[in-house]
Structures are given as C-alpha cells and as structure tokens.
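Take a look at the structure below.
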Amino acid sequence: MAMYFHKTPFWVKRIFSAYTWDIPESEKVLYLTFDDGPVPEVTTFVLEQLSQFNAEATFFCVGDNIRKHPEVFQMILQNGHAVGNHTFNHLNGWKTPVEEYLDNIDRCANEMVKNSPNSNFSLLRPPHGRITRKQAGQLRRKGYQIIMWDVLSGDFDVHLDSKKCFEKSIQGTKEGTIIIFHDSLKAERNLRYVLPRYLDYFSSKGFIFKKLPESF
C-alpha cells in the first residue's frame, strides 16, 4: 500500500518553499480543492454539497476529462468555483521529460480556454505532487502558480476506512489549510462519506470555504 502524509510536514514545505502549501490566515478560512475531474456523477455530487454549504472550491481538472465532459466543466464555472490545470493526461512529472510535460500542460490549458475563452487559468497542481525543479521553473516563468496542499484527505485510498479518512482530514485542518479531495471514481466511496461531514463539521465551527486566488 502506498505511504503518504495526511498532513504535510513543515520540513517538506520548507524544502519546497517555492510552491504554495497553505495560505496564512488569521480568519476561519479553508481552501477546498478537488483533483482529477470533471467526472459527471462524482463532480456533480461535489457541486451539490458545496452549494448546500455556500462553499467555494478550486477544481484541478485533467484536460482529457474536460474534453470528454465539457458540460460538467461548465457547471463548475457556472457555480462560481475556480479551476486549475492538472495536465492533460494526469502525468507524473518525475517520469516525464520536461518538454513533454510542458506540452501536456499546454494541451490542458487549451482545452480550458476553449471552454471558457475569457478566463485566466494560472493555477496548476502537478499530479501526485510530482514535478521537477526544471519543470516548475519553466512553468513559473510562464505565469503559473504551483499549488500543493497542507492536508491530503486520502479519499483515493481504497484501503482506507471512510471514518478514518474523515478523522484524518479534520485532524490536520486549521485556518488557511489547502485540503485535497478527488472528484474521481476511485475516490467516490470515501468522498461521499467524508465531504458532507467535513463541510458540516467546519461550517458549524464558523469556518468559510473560499476558492484559491488567481495570484498570491
């Protein structure tokens, strides 16, 4: 089973300080993010839950999924959420040559612009959080902000019990946390359990949920 941190350690954030891991906040603000969509039955569930809690979020979309489900991508935008680039084919940057990786990100960007011509898409999350310094440097020069995370829900982990997934998600969350969920079929079981409870738990404590800013 893959090993991962539910809460990103401070030393990881320090070593890779050029990336955005959280947003310093004194107010009760959280940043929900969703990776790997749009996927019709899962993304629409997420949008319904967000609407119930008047929550904003940021969706890091796979370009090929936008191509296959443009109507769901439009729903994300129409509901007032932000979208970011997650490559066209969900590429692992550590295993992909620089030019191929950048071209794949361009393909995703083109798909986004085609479906929303007047938008500015400057947010990018590397799939699996895996990106080389050279890839990242070139992307930053092109104007991208590379977004990582403070809390990883683990909803994609088919071996993780849904209740444990919820507990781990709330444990690490604090003001300014960027948390990752996945609007994917693989994560659906845990997501359907955890997301409504997570929204309810933090809403009841006076938190609000904002989308990530386009620039920092």
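How high is the FRET efficiency between K13 and Y201 when r is their beta carbon distance and R₀ equals 30 Å, given to the nearest 0.05? Computed FRET efficiency for K13 and Y201 comes out at 0.75.
Modelled label positions at E214 and E25, each set 7 Å beyond Cα in the direction of Cβ, lie 2.1 nm from each other. Residue pairs exceeding 32 angstrom between C-alpha atoms, taken from K134/K211; K114/K163; K7/K211; K68/K210; K142/K163: K114/K163; K142/K163.
If you plug the beta carbon distance of K163 and L185 into 1/(1 + (r/R0)^6) with R0 = 25 Å, you get a FRET efficiency near 0.75.
Tally the DSSP beta bridges in the chain and give the antiparallel ones as a percent, rounded to 5. Of all bridge pairs located within the chain, approximately 10 percent are antiparallel. Under 18 Å of direct C-alpha separation, and excluding same-chain neighbours fewer than eight residues apart, K174 reaches these aspartates and glutamates: D22, E25, E27, E56, D150, D200. Charged side chains reduced to their Cβ positions (Lys and Arg at +1, Asp and Glu at -1) give the chain a dipole of some 600 debye around its Cα centre. When the Cα positions of Q171, L77, S119 are compared along the charge dipole of the stretch 10-209, Q171 comes out farthest toward the positive end, with charges on each C-beta of Lys, Arg, Asp and Glu. Within the chain, the percentage of alpha carbon pairs spaced more than 31 angstrom apart rounds to 13%. Considering only T20, A55, T33, the residue lying farthest towards the positive end of the dipole of the stretch 9-63 is T20, judged by Cα position with unit charges set on Cβ.
Values in this text are rule-based calculations from the coordinates and carry no lab data. All of these numbers come straight from a predicted model, not from anything done at the bench. Virtual Cβ from ideal backbone geometry, glycine too; neighbours counted across all protein chains shown.
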